[in-house]
1. Starting from the Cα of residue 69, step 7 Å along the direction of its Cβ; do the same at residue 30; then give the gap between the two resulting points in nm.
2. Looking at the P(r) of the chain, how many percent of alpha-carbon pairs lie beyond 22 Å?
3. Positive end of the dipole of the chain, charges at C-beta (+1 Lys, Arg; -1 Asp, Glu), about the Cα centre: which of 56, 13, 44 has its Cα farthest in that direction?
4. Going by Cα centres, the range 29-50 and the range 55-81 are how many Å apart?
5. Please compute the contact order of the chain in relative form: average sequence separation of alpha-carbon pairs under 8 Å and at least six residues apart, divided by the residue count, as a percent.
6. Okay, which of the range 54-69 sit inside 15 Å, backbone N to the point 7 Å along the Cα-Cβ direction of residue 18?
7. Pull up all non-local amide H partners of residue 55: gap of 5 or more, or a different chain, and H-to-H distance under 5 Å with H placed in the peptide plane.
Amino acid sequence: MPGRKSTPHVRLSPERSKALGERVRQARQHAEVTQEALSHASGVGAEHIQRIERGAANPTVATIYAIGDALQVQARTLMPD
């Protein structure tokens, strides 16, 4: 719709961001994949993956799915409780 404003992006809490980052890092290390290789396989920028793993980024659901697909894990296993 013309003139319609989008809803603001909702941020994860710092605790959930850190937990998500830890799960991504664990899954990546378990798969024996570098951040650069994960970037290439997922289409997510290497710097963004670094920020996600540090808990400093707020990735979209699409990004989480892309990372999960590249690591051959279900996206929900990357999501914190």
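1. 2.1 nm
2. On the way: 718 of 3240 pairs.
Summing the P(r) tail past 22 Å for the chain gives 22 percent.
3. Checking the options against the dipole of the chain, the answer is 13.
4. A separation of 12 Å, based on Cα centres.
5. On the way: 81 pairs, mean separation 29.9, N = 81.
Result for the chain is 37 percent.
6. 54-57
7. 21
Bear in mind that the values in this text are calculations on the coordinates, not laboratory data. Every value quoted in this text rests on a predicted model; they were computed, and no experiment measured them. Reconstructed Cβ throughout: ideal geometry from the backbone, glycine too, with neighbour counts over all protein chains shown.
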